[in-house]
Amino acid sequence: MARFKDEPVKAALTAQLQPGEQLQYYAFGVKQPNMGLIILLVCLAILPGLIAIALLTKEYVVGLTDRRLIVLRVGGGVKVKEVSEYSLSDLHGVKTSTGSLFTHISIGGAVPFTAKFHRMGMKTNREQAMAIAAALSSKALPA
Amino acid sequence: MTPEVAPLVACPFCGDLTGEAGRCGGCGRSKQAPRRSCTNCGKFTPSAEPSCCHCRQAFTSELAWKVPVIIVLFIAAIVLSVAVRML
């Protein structure tokens with residue numbers, strides 16, 4: 001089941017747009033804690049470990065426009081906690097990959113960003129995340 | 001042929017329209033800097049600054065409450081399992 005509906009995500013991203021800027025794709029992703037920490041926490045105690053992982057997981061909504069990649073860190077619905085943006089003309093260290101469940105997007109540079117996008121994150125999360133990954137890969141400068 | 005004009009971008013922190021595309025002419029902050037929402041006034045402030053640039057509310061790390069909660073959860077789980085073994 002989808003974590004978010006499209007309308008609140010689009011509304012949150014639209015609020016960040018500059019005059020004349022067009023939102024092209026949007027997707028919902030997460031960044032989980034380090035895999036070693038996940039294994040350690042679950043091995044210590046399963047239920048508290050899973051709760052700890054949920055507490056330490058960051059949720060993101062990303063939007064690709066004709067000018068920028070907008071990254072919103074959200075929590076408690078689509079309540080925006082933090083906003084980062086990456087100009088498409090100045091992208092460094094972009095790495096993307098797509099597996100059977102997740103699309104991974106990583107951006108290097110001064111403000112690094114890494115998240116994975118589950119195919120069930122939103123109604124069309126997989127298509128949108130893959131479109132963002134493809135667009136970022138084509139516009140990225142060498143790391 | 002007319003030269004392409006950069007769009008006028010308001011500063012996300014002070015709303016000023018002056019300055020360059022990257023830096024605000026009013027407050028001098030980078031317009032592209034990561035920013036976070038203030039829990040007190042709801043306005044955006046640079047993530048790198050320790051307090052809100054509008055209302056001066058100090059920011060605290062989310063881990064400040066999450067780490068103690070996680071520790072308490074694990075202690076409770078250990079105490080519960082020991083208590084169940086002793087019954």
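The values are calculated or read from the model by the stated rules, or taken from the named source; none is laboratory data. Keep in mind that this is a model prediction, so the values were computed, not measured. Cβ coordinates were reconstructed from backbone atoms using ideal geometry, including for glycine residues, and neighbour counts include every protein chain displayed. The protein model used for the area step is the full one, side chains on, heavy atoms only, and it has no ligands, DNA or RNA in it. Shrake-Rupley method; radii C 1.70, N 1.55, O 1.52, S 1.80 Å.
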For this session: For region A:17-31, state whether one or more residues are assigned to a helix (DSSP H, G or I) and among the aliphatic types (A, V, I, L, M).
Result: no
Exercise. Within region B:12-53, how many residues are among the β-branched types (Val, Ile, Thr) and within 12 Å of the chain's Cα centre (by Cα)?
Worked result: 2
For this session: Only residues that are exposed (fewer than 11 other Cβ atoms within 10 Å of the Cβ) and either more than 14 Å from chain A (Cβ to nearest Cβ) or over 16 Å from residue B:34 (Cα atoms) (or both): list them for region B:51-64, please.
Result: B:58, B:60, B:64
Exercise. Taking region B:30-45, which residues are touching a residue at least 24 places away in the same chain (Cβ under 8 Å) and open to solvent by less than 40 Å² (accessible area, probe 1.4 Å)?
Worked result: B:45
Problem set entry | Scope region A:70-101; condition among the small types (Gly, Ala, Ser) and open to solvent by less than 40 Å² (accessible area, probe 1.4 Å); matching residues | A:75, A:77, A:84, A:93, A:99
Exercise. Can you name the residue in region A:47-57 that is out of contact with any Pro (no Cβ under 9 Å at 6 or more places or on another chain) and within 9 Å of another protein chain (Cβ to nearest Cβ) and is also least open to solvent (accessible area, probe 1.4 Å) among such residues?
Worked result: A:49
